[in-house]
Amino acid sequence: MSKLTVEVWEGDPDRPVDHPDNVKLTELTLAYPERSGAAEDGAFDLEYTYSKEGLLTVRATLQKTGLPVLDGEVRVFGDSTVPPEIERN
């Protein structure tokens with residue numbers, strides 16, 4: 001199984017990442033099946049969605065297969081020493 005850590009940020013994409021308007025919300029770990037070795041097999045798309053209630057859902061989908069490697073609501077934000085909880089859909 002391959003893993004990748006993704007930082008989730010909220011803010012202004014036109015400002016430097018260390019600008020006070022930009023806030024790191026959490027880090028998520030994507031776990032996906034072993035790849036054949038080709039780099040493009042591990043390429044994925046990320047989709048961020050906020051509900052009417054302000055809840056953040058993150059979905060990561062492999063481009064080649066359409067297989068979701070992460071799909072759920074982020075339950076914990078902030079301190080990166082605490083693993084984020086994801087409620088799987």
Keeping to region 32-54, report how many residues are modelled with pLDDT of 85 or more and polar (S, T, N, Q). 2
When the residues of region 42-56 are narrowed to those that are in contact (Cβ under 8 Å) with a residue 24 or more places away in the chain and assigned to a strand (DSSP E or B), which ends up nearest to Thr26 (Cα to Cα)? Leu56
Within the group Thr65, Thr57, Thr5, which residue is surrounded by fewer than 14 Cβ atoms within 10 Å (Cβ to Cβ), among the β-branched types (Val, Ile, Thr) and either in contact with a strand residue (DSSP E or B) (Cβ under 7 Å, 6 or more places away or on another chain) or at pLDDT 90 or above (or both)? Thr5
How many residues does region 1-26 hold that are part of a loop (DSSP other than H, G, I, E, B), touching a Phe, Trp or Tyr at 6+ places or on another chain (Cβ under 9 Å) and not β-branched (Val, Ile, Thr)? 2
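The values are calculated or read from the model by the stated rules, or taken from the named source; none is laboratory data. As the structure is a prediction and not an experimental result, all values here were calculated from the model. So basically every Cβ, Gly included, is an ideal-geometry build from the backbone, and we count neighbours across all protein chains shown.
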